[in-house]
Structure formats: C-alpha cells, structure tokens
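Comments concern the structure below.
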Amino acid sequence: MAQSSDTTGLTELQLELLDVLWSRREATVTEVRSALQNRRDLAATTIATLLSRLEKRGVVTHRVAGRQYVYRPAVSVAEVRQSMVAALTTRLFKGDITQLVNHLITETEISPGDLARVRALIAKKGKSLEEGA
C-alpha cells in the first residue's frame with residue numbers, strides 16, 4: 001500500500017488506532033475517539049497528534065472532508081505484522097526463525113488444537129516449498 005512506511009516499533013496505542021482504521025476503512029478523529037472510548041479515555045487532541053505522527057511515518061493518510069481530516073490506513077494488517085515480527089526476530093533471535101518458533105512452542109502454553117494447527121501450517125508450507133523447487 002504505502003511506498004515508504006515505518007511500521008516497526010508501533011506502540012499498543014498506535015496499533016489500537018490502526019485497528020479502528022482497519023475495521024472502518026477510514027475515520028475522523030472524533031470517530032476514532034468514540035470507537036476507543038470503552039478502552040481508553042483520550043482527548044481528541046491526543047488522537048489527532050498520534051494520527052499526525054503516524055502519517056509522518058507513512059502509516060496513515062488523510063483526506064479533507066469539510067473542516068475535518070478523514071484518516072485511512074496506508075498499510076495493511078499483514079504488512080504491520082510482517083514488519084514487527086521481522087524486527088522482533090532480528091532483535092531477540094538474531095534473525096533465526098527456528099529460535100523464535102522454538103521459543104513460542106516451549107515457553108508458551110499451547111493447546112493440542114493449536115499444536116495441530118501449527119503442524120498443519122508447517123506441512124502446508126513444506127508442500128508448497130517442495131512444489132516450488
């Protein structure tokens with residue numbers, strides 16, 4: 001989507017703002033504030049500042065509608081996940097995906113159903129790699 005966006009290191013609050021934009025496709029500061037009001041009590045000026053900073057990073061864009069800015073995401077959920085997981089893998093596991101997966105499996109409580117789904121994903125990925133070779 002965005003040609004030059006910085007999605008590494010997004011804060012929990014920034015991700016919450018993006019969640020609102022991803023679910024609504026676009027929203028004004030007032031609409032974002034309303035969507036967050038059950039979880040956070042933020043001033044409209046705070047939300048406007050955060051959205052402006054996200055725009056400078058290339059994460060959101062805006063259009064003008066009357067006297068309001070209407071914000072929309074400039075990156076997809078998948079792009080943010082990929083970027084943040086890649087940064088985490090690089091910083092904590094020196095880029096070793098095997099160490100990351102090992103950590104997730106050994107240090108996290110995982111249900112038999114989740115483990116079965118992980119096995120199925122690994123098998124599917126292995127099959128697609130074999131077909132591509």
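The values are calculated or read from the model by the stated rules, or taken from the named source; none is laboratory data. Given the structure is predicted, the values throughout are model-derived calculations rather than measurements. FYI the Cβ positions are ideal-geometry reconstructions off the backbone, even for glycines, and counts take in every protein chain you see. Accessible surface is based on the protein model in full, side chains and every heavy atom, while ligands, DNA and RNA are left aside. Shrake-Rupley method; radii C 1.70, N 1.55, O 1.52, S 1.80 Å.
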- Query: When all C-alpha to C-alpha distances in the chain are sorted into bins of 5 Å, what percent of pairs does each bin hold, rounded to whole numbers?
  - Reply: 2, 9, 15, 16, 14, 13, 11, 10, 6, 3, 1, 0
- Query: How much length is gained if the chain between residue 119 and residue 90 is pulled fully straight, taking 0.36 nm per residue apart and subtracting their Cα-Cα distance, in nm to one decimal?
  - Reply: 8.0 nm
- Query: Using helices alone, what [θ] at 222 nm do you get for the chain, with -39,500 (n - 2.57) per DSSP H run of 4 or more residues, divided over all residues and rounded to the nearest 500?
  - Reply: -20000 deg cm²/dmol
- Note on the structure: 1/(1 + (r/R0)^6) with r = Cβ-Cβ of residue 127 and residue 19, R0 = 25 Å, i.e. FRET efficiency to nearest 0.05, evaluates to 0.15
- Please list 56-68, 9-21 highest first by mean number of surrounding beta-carbon atoms within 10 Å per residue. 9-21, 56-68
- Query: In the neighborhood of residue 26, defined by Cβ-to-Cβ distances under 10 Å, what is the net charge if each Lys or Arg adds +1 and each Asp or Glu adds -1?
  - Reply: +3
- Message: Just to be sure I understand the rule: take each whole DSSP H helix in the chain, project its Cα atoms onto its long axis, keep it if the span is 20 Å or more and its mean Kyte-Doolittle hydropathy is at least 0.0. Which ones pass?
- Response: 77-93
- C-alpha center-to-center spacing [segment 79-133, segment 41-70] in angstrom: 34
- Excluding ligands, DNA and RNA, the carbon-plus-sulfur percentage of the accessible area of the chain with a 1.4 Å probe reads 53
